[in-house]
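See below for the structure under consideration.
The values are calculated or read from the model by the stated rules, or taken from the named source; none is laboratory data. Note that the structure is predicted; figures quoted are calculated from it, not measured. Neighbour counts run over all protein chains shown; Cβ positions are idealised from the backbone, glycine included.
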Amino acid sequence: MQDLLNVASLGSIYLLFALGMALVWGTIGILNFAHGATFMFSAFVGHLVTSETELPFLAVVLVAVLVGAAIAALTQLLAFQPILKRSKNQHAAEMRILIGGIGVAAIPLAIAQHQTRSSPFGFRSSYEAEVLEIFGLRLSTTSAVVIVAGLAIGIGLTVWVRRSRRGLALRAIGVDAETAAGMGVNRTLLAFGTMATAGALAGLAGALLTFQLGAIAPETGDQLLIKAFAIIVLGGLGSMAGTVIGAYVLAGAETLVLNLNYGTWVDAVSFGLIFLILLARPQGLLGRKEVRRT
Amino acid sequence: MGGAARKRRTLLAGLAVSAVLATVACGGGAAGDSGGGGIEKTIKIAQVQDQTGPIAYAGLGASEGAELAIEEIEKQGFLGDGVKIELQKLDTAGEIERASSEMNKAMGDRDVDAIIGPAATQQAATVAPLVGRQKVPTVFTQAGGEGVVINDYTFRVTPPMESYYEQVLEYLKDKGAKTISVLYNATFPTFSLLGEKGVPKMAKERGIDIVQSLPVQMTTQDFAGQSQQIAKKNPDALVMLLIAPQSVTALRQLKEAGYDNQIVATSVQAAGNIEAAGANANGLVYPVPFSTAMDGESSQAFTKAFRAKFDKDPDPYAADGYDAMWFIARAIKASGDSSREGIRKGLAQVAKEGFTGAMGGLTFEGNDARVDGALVQWQDGKETLAQ
Amino acid sequence: MSDWYSMNVVLIQTTLTTLLLALSIQVPIRFGVFSFAGVGAFGIGGYTAAIAMVHLGWTTWPSVALGAVISGIVVFALGLLVQRLTGLYMGMATIAFTLIISVLAVNGGELTGGAGGLYGALGEIDTGHILAILAVVVAVLVWTETKGMGRRIDTVREDPELANSVGIDVVKYRLASFALSGVIGGLAGGITTLLRSTITPAEVNFHLVIVALTAIIVGGARSWLGAFIGAVIFVWLPTMISFVQEWEKVVYGFIVAVAAIYLPNGVLGVVKDLIHRFRTRQERARLAVLQEKG
């Protein structure tokens, strides 16, 4: 039981991080490799602010969310938008968006590394995590917040993308951008809003994770990036529900291997699992069948 | 591509190398002419270490320490009146190829008399055969892995962690610990060595039982499961061998899991790396080659001088740079010759005798330094000597 | 000249080995296969060569050759497994393959030296040797880029269905790209390792994928010449901008992002454009002269 709780907690961490990335990738087709840097830098700004004045939990989260949204919006405005404008179609832009994101990501990373000398950083907050004991199970309040936030936002986004008008417009872009534009969807504005939302999610993840883990390092974002990439592909691109499941599958696999005390094989087993799932289901767990001729 | 052509090319390449060596020899010769193997007026030392990137802290710290040492050496007239030391910083930016390339530039520059070499083991291991081939004396700091000190031209002032880790187990034994668990990062070379071989051996010698050995990898970020496993076994002490951000998380989650016994860690925790853990790190004990808490006279003097110059506390990396620079200065004085070959001879001689520096008394096994180090305890944001 | 050469010999050699690595990623992309297995091949080739030298006492070139052959076979076998996958699903599966290679190296005990890796495998390699190998590789690639073969490969990439209908065996072509990428990646790994004398598991990582990808996209994705330009830029840029000292990484990220935005076809595309423009101007001038005469 305790293990399940641990899986839920770890999976929610991955989920919070991956959601923003999945949202922009699955809808407006932007694979944002600066997501990890956005995540890290939001937490870093939170760290800078709290080293000036001590702040309560929610205030730190708010700061990080705003910073994350701002970074992502700027990335969209200054890098991705110009790339899209200069490309014939989405497909031609794909690789350049990838590289553009990598370039953008290097900047906040270098700044944070320089400022911290790569030491881990955390928050100075009036908030102190407490440990809850329920039926002999231990759970810190931060973990509880992370699990609730991860699940709520995950399910909320899934439903929103499926049901709402905006969500429909977004999915339309994901399927066929040109046609969607023809149907009166303002792509530029919608893309901008989606990126800002994803950035806010990155900021939220940054703040909650730093509370949960105590501290993160400038390089933490990069480590999560590859896991998030794996989770999204595993779940099936374009499916938010797939991302939710993917996150818990990865966390479950990792926890299992760790509990069996094969700590150094964690990556091999989890990536091996992803490899096998892809062989069995080439579109991921819940991915839509792409219309492709061969 | 005929055999003859290939032979000619290798020959040409060989010539290129010997041309470099010849010019190097000339440089040394010129210095020799001016004073029978004497000391030049300006001695140029290249510091080829990370100034940017993920392990910039090691290179930046060493730079500060080296600068302080130079200031002292010049002020004292240690190498004679008016002898200046020029420190050229070359950034390896956390990349092996950059290290190799910058080292190559430094070795190719005839004015460079000695090099302070890369702090990352892999960068160091890559350049170590090269400095042997080109005969440039090189003093490494950090770079605790194997394959670094491999020939007459390679020296290292930072002792490898396993050489001063014994005192941790000694401490645990004194405290009456009978059982320990080991939580270690098995993808980090130093820790994998220590966790799999070093600690088990040291524990066995002292009659301490290892009840649990939990390897994790570099990318592990959550330690909830391991923490609960450890809390369940409840050993007398936990040996925690993790990198900086992992340590902060593990300490917090161990507390949350209800583990309250002694935790011992590594010198990674030094240099303020554990600060982010706050109260969770109180009582943590770890060994360091240098700490401001060390009460030896030379260590205290270094701490005081460093504070005066930089208005902050020195970290172990600064002590590295300081001792490396003094090591080179002593070598020049010992051989009375600031050419590359002269410095190499001097370094070997000083290494044989040992010397006292920021890290206390340094002795050498071959060209590799050993220190006693200190066992410190972290309490409310400060290191004190562990009792 | 020889002075300049001896000062920069490492950078020159690094440019060549980076080019090999970039080519191992570029080849499958030119065939329309989004495979990053070349980086895994780099690891296999590097480790095989180092093991052959350290444990078996082999000399330089047989070690490198063994590495290239084994990585070619392994990556070809991988290709058989994952050929059904498309787009980034293929990308994820091959990245998983690469990361698993790294975990195997960590757990390889004495054979691979564990987390500390292998050291002391210093081969006798000079720039001439690498140039010779590169010449062979490039000759093969030029053959795949020009004339009938070039057109067939373009068709396989752009329109696999059309390719099938005109009798090109798409599957065979794609598998060939795997084998080729494996051999080139293995060569890159073997040569790089024996030049450095060491290899560790930490090197075979996602970062290397990013390095290769950046070089290709910034240089030009469609031709070996683009990869060459990318390798030159990637290796030399950091030393060129090292005068900005601690801001080096920031400037670097900025330049990569700008390149992604403003150079849709990489540097090679710009060069081709300029040549094209120059030619048309000459053509016009000639026409004008002709008209005046007439």
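Only one of B:Tyr259, B:Tyr184 is of a type in the set (Ser, Thr, Tyr) and part of a strand (DSSP E or B). Can you tell me which?
B:Tyr184
I'm checking my understanding of the structure. Among residues of the range B:307-343 that are assigned to a helix (DSSP H, G or I) and of a type in the set (Asp, Glu), which one is farthest from B:Ile70 (Cα to Cα)?
Among residues in the range B:307-343 that are assigned to a helix (DSSP H, G or I) and of a type in the set (Asp, Glu), the one farthest from B:Ile70 (Cα to Cα) is B:Glu341.
Okay, residues lined up against (1) of a type in the set (A, V, I, L, M, F, W, C); (2) out of contact with any Pro (no Cβ under 6 Å at 6 or more places or on another chain); (3) closer than 29 Å to A:Val233 by Cβ:
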| site | (1), (2), (3) |
| --- | --- |
| C:Ala41 | yes, yes, yes |
| C:Ala49 | yes, yes, no |
| C:Ser63 | no, yes, no |
| C:Ala68 | yes, yes, no |
| C:Val75 | yes, yes, yes |
| C:Gly79 | no, yes, yes |
| C:Val82 | yes, yes, yes |
| C:Leu85 | yes, no, yes |
| C:Met92 | yes, yes, yes |
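Out of everything in the range A:129-150 that is surrounded by fewer than 17 Cβ atoms within 10 Å (Cβ to Cβ) and away from chain B (no Cβ under 13 Å), what residue ends up being modelled with the highest pLDDT?
Only one residue tops the list, namely A:Val148.
Check the range B:224-237 and report whether any residue there is in contact (Cβ under 8 Å) with a residue 24 or more places away in the chain and assigned to a strand (DSSP E or B).
yes
Scan the strands (runs of 3 or more DSSP E) fully inside the range B:81-166 and keep the ones with 1 or more residues being in contact with a Phe, Trp or Tyr (Cβ under 7 Å, 6 or more places away or on another chain).
B:112-117, B:138-140, B:154-156
Restricting attention to the range A:101-124, report how many residues are in a helix (DSSP H, G or I) and away from chain C (no Cβ under 11 Å).
Matching residues across the range A:101-124 total 1.
Within the range B:361-376, can you find the residues that are within 12 Å of B:Val157 (Cα to Cα) and not in a loop (DSSP other than H, G, I, E, B)?
B:Gly361, B:Leu362, B:Thr363, B:Phe364, B:Glu365, B:Asp368, B:Ala369, B:Arg370
Check the range C:118-125 and report whether any residue there is away from every other protein chain (no Cβ under 11 Å) and touching a Lys or Arg at 6+ places or on another chain (Cβ under 9 Å).
Checked the range C:118-125: no residue is away from every other protein chain (no Cβ under 11 Å) and touching a Lys or Arg at 6+ places or on another chain (Cβ under 9 Å).
Across the range A:12-42, which residue is surrounded by the most Cβ atoms within 10 Å (Cβ to Cβ) among those that are in a helix (DSSP H, G or I) and at the interface with another protein chain (Cβ under 10 Å from one of its Cβ atoms)?
Per the criteria, the residue is A:Ala37.
Look at A:Glu94 and say whether it is closer than 30 Å to C:Gly266 by Cα and acidic (Asp, Glu).
yes
Could you list all residues from the range B:80-123 that are at the interface with another protein chain (Cβ under 9 Å from one of its Cβ atoms), over 25 Å from B:Lys333 (Cβ atoms) and of a type outside the set (A, V, I, L, M, F, W, C)?
Within the range B:80-123, B:Asp91, B:Glu95, B:Glu97, B:Arg98, B:Ser100, B:Ser101, B:Glu102, B:Asn104, B:Lys105, B:Gly108, B:Thr121, B:Gln122 qualify.
Pick from A:Leu237, A:Leu273, A:Leu256: which is among the hydrophobic types (A, V, I, L, M, F, W, C), in a helix (DSSP H, G or I), touching a helix residue (DSSP H, G or I) at 6+ places or on another chain (Cβ under 9 Å) and buried (at least 19 other Cβ atoms within 10 Å of the Cβ)?
Every option except A:Leu273 fails the conditions.
Looking at the range B:149-176 only, could you name the residues that are touching a Lys or Arg at 6+ places or on another chain (Cβ under 6 Å) and within 14 Å of chain C (Cβ to nearest Cβ)?
Scanning the range B:149-176 gives a single hit, B:Val149.
Being more than 12 Å from chain A (Cβ to nearest Cβ) and crowded, with 22+ Cβ neighbours inside 10 Å is the filter here, so list the residues in the range B:41-61 that pass it.
B:Ile43, B:Ile45, B:Ala46, B:Gln47, B:Val48, B:Gln49
Give the residues of the range B:129-143 that are within 10 Å of chain C (Cβ to nearest Cβ) and over 16 Å from B:Arg340 (Cβ atoms), sorted by residue number.
Scanning the range B:129-143 gives a single hit, B:Pro129.
I'm trying to understand the selection: among the residues of the range A:96-128, which are more than 30 Å from B:Ala58 (Cβ to Cβ), out of contact with any Pro (no Cβ under 8 Å at 6 or more places or on another chain) and surrounded by 19 or more Cβ atoms within 10 Å (Cβ to Cβ)?
A:Ile97, A:Leu98, A:Ile99, A:Gly100, listed by residue number.
Go through the range C:1-32 and give me each residue that's within 16 Å of C:Val138 (Cα to Cα) and small (Gly, Ala, Ser).
Listed by number, the residues that qualify are C:Ala22, C:Ser24.
Can you tell me which of C:Val136, C:Val171 is modelled with pLDDT of 85 or more and more than 12 Å from chain A (Cβ to nearest Cβ)?
Just a single option satisfies the conditions, and that option is C:Val136.
Could you name every one of the helices (runs of 4 or more DSSP H) located completely within the range C:17-117 that has at least 2 residues being crowded, with 24+ Cβ neighbours inside 10 Å?
In the range C:17-117, the matching helices (runs of 4 or more DSSP H) lie at C:37-54, C:60-82, C:87-106.
Could you please let me know if B:Gly272 is within 11 Å of chain A (Cβ to nearest Cβ), assigned to a helix (DSSP H, G or I) and surrounded by fewer than 22 Cβ atoms within 10 Å (Cβ to Cβ)?
Judged against the criteria, B:Gly272 is not a match.
Matching residues to (1) among the aromatic types (Phe, Trp, Tyr); (2) surrounded by fewer than 24 Cβ atoms within 10 Å (Cβ to Cβ); (3) more than 18 Å from the chain's Cα centre (by Cα); (4) assigned by TED's automatic domain parsing to the domain that holds B:Gly357:
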| position | (1), (2), (3), (4) |
| --- | --- |
| B:Ala99 | no, no, no, yes |
| B:Gly108 | no, yes, yes, yes |
| B:Val127 | no, no, no, yes |
| B:Gly132 | no, yes, yes, yes |
| B:Thr138 | no, no, no, yes |
| B:Thr141 | no, no, no, yes |
| B:Gly147 | no, yes, no, yes |
| B:Asp174 | no, yes, yes, no |
